[in-house]
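The block underneath contains the structure these notes are about, expressed in structure tokens.
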Amino acid sequence: MLKTKIKKALKVAAFALIAIFLIIFLSFYRPVSLWGDTRYEPVFTGSMEPAIPVGSIVVIKPANPETLKIGDIICFKIETESATTVTHRIFDITSQGFITKGDANEDPDRWIVKKENVIGKVTAVIPFLGYLGYFVRTPIGFILLIIIPASIIIIMEIRNIVKELRKQKPEQTKSKRNWWRQQCLSLGLTCPI
């Protein structure tokens, strides 16, 4: 009896801690998709290793380009209309914008990043989580991580509903059967119930 109560208390405490962590995290790092200002971008190349390993997710907060300095890691678009983003370190600052360089690259990038193309400053790196995001976008990953778990949840809920329906009082079930029989007969159908 005591073990059951302890286990239940530990479960409640674990869920409470997870909820508190999520609330705190989302209050400071709410993604753009949830009306926040934080972006999460995957890193698929090794140009920023070892600071940002391949397969990481970078957490990007908006930053005023005037406050950025040499050594800051920024996320930017090469061209204003481009959907492709790049995450590199500021190597030099000119009147035209920023000269960037990947840590693993020998030479600076051949472009100058205009201040209006800066998305934000990298505030955190979550190693290897990008691999999971990439895997979910593949057909097998979508099936394994989305379709199968969703199907299991749906099946479990259907089983719970059926179990609850079977627990109903027999007279309630009997009156429902009679109602269905009347509906079938009024339509001139044979009733399977």
Query raised in the report: Out of (1) farther than 15 Å from GLY130 by Cβ; (2) modelled with pLDDT of 85 or more; (3) of a type outside the set (Phe, Trp, Tyr), the odd one out for VAL54 is which?
Result: (1)
Requested in this report: Check whether at least one residue in segment 131-147 is in contact with a strand residue (DSSP E or B) (Cβ under 6 Å, 6 or more places away or on another chain) and either assigned to a strand (DSSP E or B) or not basic (Lys, Arg) (or both), and report yes or no.
Outcome: yes
**Report entry** Looking only at segment 172-193, and only at residues there that are open to solvent by 90 Å² or more (accessible area, probe 1.4 Å) and not in a helix (DSSP H, G or I), the one that is modelled with the highest pLDDT
**Finding:** LEU187
Query raised in the report: For VAL43, are the conditions met, namely being closer than 15 Å to LYS121 by Cα, open to solvent by less than 70 Å² (accessible area, probe 1.4 Å), out of contact with any Gly (no Cβ under 7 Å at 6 or more places or on another chain) and aliphatic (A, V, I, L, M)?
Result: no
Report summary line: Those strands (runs of 3 or more DSSP E) completely within segment 53-101 that have 1 or more residues that are within 17 Å of ARG39 (Cα to Cα), in contact (Cβ under 8 Å) with a residue 40 or more places away in the chain and not aromatic (Phe, Trp, Tyr) are 57-61, 73-77, 85-93
Requested in this report: Just give me the residues in segment 133-171 being under 19 Å from VAL54 (Cα atoms) and open to solvent by 90 Å² or more (accessible area, probe 1.4 Å), in sequence order.
Outcome: TYR134, ARG137
Query raised in the report: Out of curiosity, is ASP92 open to solvent by less than 30 Å² (accessible area, probe 1.4 Å) and modelled with pLDDT of 90 or more?
Result: no
Report summary line: Out of (1) closer than 24 Å to ASP37 by Cβ; (2) outside any helix (DSSP H, G or I), the one GLU116 does not meet is (2)
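The values are calculated or read from the model by the stated rules, or taken from the named source; none is laboratory data. Source: prediction; values computed, not measured. Neighbour counts are summed over all protein chains in view; Cβ atoms, including those assigned to glycine, are modelled from backbone coordinates with ideal geometry. For the accessible areas, the whole protein counts, side chains as well, though only heavy atoms, and no ligand, DNA or RNA atoms are used. Shrake-Rupley method; radii C 1.70, N 1.55, O 1.52, S 1.80 Å.
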